[in-house]
Amino acid sequence: MSLLKTTVIEMLGAILLTVLSGPLALAQEVRVGDLTENAKQGKEVYRRYCVGCHGQLGNGQGENAPHLDPKPRDFTAAVFKCRSTPTGSLPLDTDLFETIGRGIHASAMPSWYPLTRQERVNVVASVKGFSPRFHEEKPADPVPIPPEPPTASAGIARGKQLYKKLECWKCHGQEGRGDGPSASTLTDSKDRPIVPYDFTTGERFKCGQSNQDLYRIFMTGLDGTPMPSYLEDVTPDQAWDLVHFLRTLQVSPEKHMSLRDLVRRPSHVEEKLNR
Amino acid sequence: MKLKHLLIVCVAQVVLTWGHYDKHMGATLAAASATSANPAAAFDTSAPAIVTGVVRLDGPVPAGKSISMTKDPACMKMHPSGVTTEDVIAGSNGALTNVIVYVSEGLGDRTFDPSGNAVVIEQKGCRYRPHVLAMQAKQKLQIVNSDPTSHNIHPLPTNNQEWNKSQPPGQPPIEATFAREEIAIPVKCNEHPWMRAYIAVFKHPFFSVTGTDGRFELKNLPSGTYVVTAWQEKLGSVEQKLTIGAKETKTLDFVFKPRRSYGTASLQ
Amino acid sequence: MKLFLDRHNLKSSFCRMGVLLALASACTPAYGIPAFARKYGLRCSACHEAWPKLNNFGQVFKDNGYQIMNDRDGPIWQNVSYFPVTFRITPQWHREDNNNMAIDHTAGVSTSGLVEAKVTTSGFDLSGLDMWTAGTLAKNISFLVLPSTDANGNFHFESAWIRFDNLLDSGWFNLKFGKHELDTPISEKRFLQLTASGGFFQLYHFTPTTDINSFGGIGNNQLGIELTGHSRNSYTRYALSLLSSNSGGVNLPTSQTYDIYANVNQAFELHNLGLQRVGVYAYWGQSPTYFLTSAGVPIPGTGSGSRPFYRAGTYGIWYIRKLDFSTLYMRGKDNVFLGTGTPFNQPAALPAGAHAPTWNGGFVETHYTWSPQLILVARYEAIRLSQQAFRIGTPLPSGVPLTRDFGNTDAVVFGYRWYPIMTSRAGLAWHQEYARVRIRHAAPVTGRDETTSSFLMGFDVDF
């Protein structure tokens, strides 16, 4: 075989190996609790469970991506919704670990809790390997979440005022149905249409379900989406008031979808029709 | 013969691994080399040169599209006679506004400390003022909300951190900074989809944004040979080479050709 | 082009291997129930170690009633063109050997007397077809209907059930109604063997030769109701079934009695070796010893004189990274009337020295999951009767006297499956397998050991 042919084939091999072992090229350290990562095993976990949506290169271009909405995360940009760190910062290892375990509600991202803890830690290393940002920067300190005060009607009323003042209703609507005036033209950071959360569905949030999770969502903002951070606009007390008020928006007849509810129209549709 | 193959492969592997993350690694390498360069070789202000000129569009000026601000009555109130898009703004003789003219090559390894002054971008009348802003990496940026309605500031960089902060009316200015060079970072407000700004971040201070007369001025340039680039958000970039001596003033005009189609900016 | 084995090219052969490996791993992997993969956009490898064998994520999906639990599981969230059907069939080439089959001494002459000889058959063939449908009728109401044919196209319902999932908003209460596979984490329906000799667990179907027990074994799908529960990640699971004593047979063929099955298992993580699972199970049943007759013909469903039996034991599923072991122990015992085929209403007909047949058995099955696209399989199984039904020395139908080890079984299986494609739309596996079974003194004429073996290669097609 000619030298040229041999060289070309071996270059091809090198290219393929490099591209496909891209995540390994920058080995990532991960620490969650007492567990540390095994990057090689993480790559196997990624290949088995994640490739179909997130793609071989971690850019959210898996074969199923065209059929999904919301789209799978592009790890190469290192922009994540569910973090405990302020907007613009990388997530902590535990943020990624918990997102993977919890899944993302109302999306195609399943809860990977059935994987062992070690497997989840390993795949966090794989996810981090797709972006050099994890090598170049450190995540900022997490937003502190002070202890939650007891729910009181005065706090809820203050929260309601805050909802008006901060103009959350512009996207989320006056009743939190996700039907505010700006809602229909919202686009995410990749210019894809996106809808604001509808509190009246009574569902879990994309990034959790507890009051602490809700606090964290609007204090850190959901990076990559239109949801901004309000960290510099509210004090922690005000933030808790807002959390308690937002919970009152989550009461809805559709909360537990029973057979009875499936056959009758939801109440807000009835209202619109009767108007 | 076989060892040579192995060497070629190893080199290819290394090159491609670096190349795969070229953008970011390049920035890291540049930053590393910049910090290690001799600061005494910064630049010689004793004989500053000036480059000035006009940027023009050679061809028909696309008409601005009308923007509907019905999403926010507070915005509508401030513009009773309506507003149009500002993608391409040209004067009667084709003079282009909001073009960033900057030195793209020729400064070598020189480092430049960011100016201590803050640049300000204002949300006024539900638009960004200025529409196009140029600043240095690590320079302070102040974001002000002068409107009676809330905005969120959402820069969408590819070489810097993306963030998204809310700024209700009456809140103090938000301070921000961008660590790396990027030309240019689009900024949007999700609540008001027609709002758009561009922030260009430079490693050096040799940039200028044209005003309504299409005029730019690059001051305090050390003598040397440079490539000067003009960037417009829809028309792309035009480059020109320039050699300038100490204390010289040179004129460098740029001409943009119109594009067949300017795409559809988000208007509503 | 010189390939890998040339010494002179050894250094650069690594790179050439690299090209091929890189190309191979660039192929998309395969998965199990394409209907589920289509619904959720997950590849097969997400739920299946190597389809159809489930991993823990797939087990949780199954325990949740085929739901991901992201509030988008109900059919109203699916594209209207989605339909939950999957077909599976395996065109193949196989060879079957029987070392001691009874054949006429002179072919074609029925009076020439029976002799034993090695009989071999082989050729291209088809498996049966599974038309697998499963999914959700609504949120937390799941179903599975599996019409299945043999290779001749004769249909039966392998499974057909509806399940009410997450009752009381808890994964601990799920109620299934219909014909279903007993809850067995070491599942015969989702294992990796297809041959006549190796395509089932001997222990899951074993009854001694003379036994009239109508129970087909815990590997047979049964008719009844099942209450199951599981923790959120299915590390803890239980199942409790109430079944008709008809071994899954439809049209009420057997009797009016009921059987009970129970299974409890617990999984735990062991360092970074993987997930380990241990469990116990027990099946208590009854089988009739005679039927009411009409003009001498037994009337279906009138099984009477039912006598008890049980199958019980423990099992474990052990992972050491990519290598795993499934181990199972079973103890079985049938009532003496069942074991000797004596109607319960004729106790005097029990032969002298008759006992309740009892046996112990176990298997170890091991897999090496090289990747989601290649899995190696091996199994060894053994059954030992500790108590024969008849007295030792009683003449068997072949005339040979009964020995202590009559019916003892040993089985081995080796094989592998390679999945050339893996997408979230359809699956294909190349399957090769060799299995061999030896049953002590079962040869029909001489009472020698009977050995059967199978060799199969074919394409397992799943879409």
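The values are calculated or read from the model by the stated rules, or taken from the named source; none is laboratory data. Note that this is a predicted model, so its numbers are computed, not measured. All Cβ positions, even for glycine, are placed from backbone atoms using ideal geometry, and neighbour counts span all protein chains on display.
Quick notes on this one:
- Selected residue (criterion: surrounded by the fewest Cβ atoms within 10 Å (Cβ to Cβ)) from residues of the range B:160-211 that are within 10 Å of another protein chain (Cβ to nearest Cβ) and over 20 Å from residue B:124 (Cα atoms): B:179
- For the range A:125-176, the set of residues classified as aromatic (Phe, Trp, Tyr), touching a Gly at 6+ places or on another chain (Cβ under 8 Å) and farther than 21 Å from residue B:73 by Cβ consists of A:130 only.
- The sole residue among A:180, A:159, A:103, A:173 that is in the same structural domain as residue A:59 (by TED's automatic domain parsing) and not aliphatic (A, V, I, L, M) is A:103.
- Any hit, the range C:240-261, residues being buried (at least 16 other Cβ atoms within 10 Å of the Cβ), of a type outside the set (Val, Ile, Thr) and more than 18 Å from residue C:216 (Cβ to Cβ): no
- On the stretch given as the range B:75-124, residues that are touching a Leu at 6+ places or on another chain (Cβ under 6 Å), closer than 19 Å to residue B:182 by Cβ and surrounded by 19 or more Cβ atoms within 10 Å (Cβ to Cβ) total 1.
- Residue check for residue C:421: of a type in the set (Val, Ile, Thr) and closer than 30 Å to residue C:83 by Cβ: yes
- Extreme residue, nearest to residue C:266 (Cα to Cα), among residues of the range C:296-323 that are among the charged types (D, E, K, R) and surrounded by fewer than 17 Cβ atoms within 10 Å (Cβ to Cβ): C:321
- Residue in the range C:158-165 that is farther than 29 Å from residue C:232 by Cβ, surrounded by fewer than 21 Cβ atoms within 10 Å (Cβ to Cβ), in contact with a strand residue (DSSP E or B) (Cβ under 9 Å, 6 or more places away or on another chain) and β-branched (Val, Ile, Thr) present: no
- Within the range A:229-243, considering residues that are within 14 Å of residue A:168 (Cβ to Cβ) and away from every other protein chain (no Cβ under 14 Å), the one nearest to the chain's Cα centre (by Cα): A:243
- Residue A:114 being within 8 Å of another protein chain (Cβ to nearest Cβ), at pLDDT 90 or above, closer than 28 Å to residue C:64 by Cβ and out of contact with any Pro (no Cβ under 7 Å at 6 or more places or on another chain): yes
- Scanning the range C:360-393 for residues that are surrounded by fewer than 22 Cβ atoms within 10 Å (Cβ to Cβ), aromatic (Phe, Trp, Tyr) and at pLDDT 95 or above returns C:368, C:380.
- Residue match in the range C:104-120 (condition: surrounded by fewer than 19 Cβ atoms within 10 Å (Cβ to Cβ), within 19 Å of residue C:460 (Cα to Cα) and modelled with pLDDT of 90 or more): no
- Counting residues in the range A:208-228 that are surrounded by 23 or more Cβ atoms within 10 Å (Cβ to Cβ), hydrophobic (A, V, I, L, M, F, W, C), more than 9 Å from chain B (Cβ to nearest Cβ) and within 25 Å of residue A:60 (Cβ to Cβ) gives one or more.
- With respect to the stated conditions, residue C:86 is buried (at least 16 other Cβ atoms within 10 Å of the Cβ), hydroxyl-bearing (Ser, Thr, Tyr) and outside any loop (DSSP other than H, G, I, E, B).
- Taken together, C:268, C:291 contain a single residue that is exposed (fewer than 15 other Cβ atoms within 10 Å of the Cβ) and either at positive phi or in a strand (DSSP E or B) (or both), which is C:268.
Quick grid of which residues meet (1) buried (at least 16 other Cβ atoms within 10 Å of the Cβ); (2) in contact (Cβ under 8 Å) with a residue 60 or more places away in the chain; (3) in a loop (DSSP other than H, G, I, E, B):
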{"residue": "A:107", "(1), (2), (3)": "yes, yes, yes"}
{"residue": "A:110", "(1), (2), (3)": "yes, no, yes"}
{"residue": "A:119", "(1), (2), (3)": "yes, yes, no"}
{"residue": "A:122", "(1), (2), (3)": "yes, yes, no"}
{"residue": "A:127", "(1), (2), (3)": "yes, yes, no"}
{"residue": "A:147", "(1), (2), (3)": "no, no, yes"}
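- When the range A:168-184 is filtered for residues that are surrounded by fewer than 18 Cβ atoms within 10 Å (Cβ to Cβ) and at the interface with chain B (Cβ under 7 Å from one of its Cβ atoms), only A:181 remains.
- Close pairs from the range B:95-124: first at negative phi and of a type in the set (D, E, K, R), partner in a strand (DSSP E or B) and surrounded by fewer than 19 Cβ atoms within 10 Å (Cβ to Cβ), Cβ under 8 Å, at least 6 apart: B:105/B:227; B:122/B:129; B:122/B:144
- Within the range C:63-85, residues that are within 9 Å of another protein chain (Cβ to nearest Cβ) reach partners that are basic (Lys, Arg) with beta carbons closer than 7 Å, at six or more positions or on different chains, in the pairs C:74/C:139.
Quick grid of which residues meet (1) touching a residue at least 12 places away in the same chain (Cβ under 8 Å); (2) closer than 30 Å to residue A:96 by Cβ:
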| residue | (1), (2) |
| --- | --- |
| A:164 | no, no |
| A:175 | yes, no |
| A:204 | yes, yes |
| A:219 | yes, yes |
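- Considering the conditions (1) away from chain A (no Cβ under 14 Å); (2) in contact (Cβ under 8 Å) with a residue 60 or more places away in the chain, residue C:337 is excluded by exactly one of them, (2).
- Selected residue (criterion: surrounded by the fewest Cβ atoms within 10 Å (Cβ to Cβ)) from residues of the range A:129-142 that are in a loop (DSSP other than H, G, I, E, B) and acidic (Asp, Glu): A:141
- Checked against the criterion of being within 14 Å of another protein chain (Cβ to nearest Cβ), farther than 15 Å from residue C:184 by Cβ and either among the polar types (S, T, N, Q) or part of a loop (DSSP other than H, G, I, E, B) (or both), the candidates C:246, C:233 yield just one match: C:233.
- Listed by position, the helices (runs of 4 or more DSSP H) inside the range A:165-275 whose residues that are within 26 Å of residue A:147 (Cβ to Cβ) and modelled with pLDDT of 95 or more number at least 3 are A:211-220, A:236-249.
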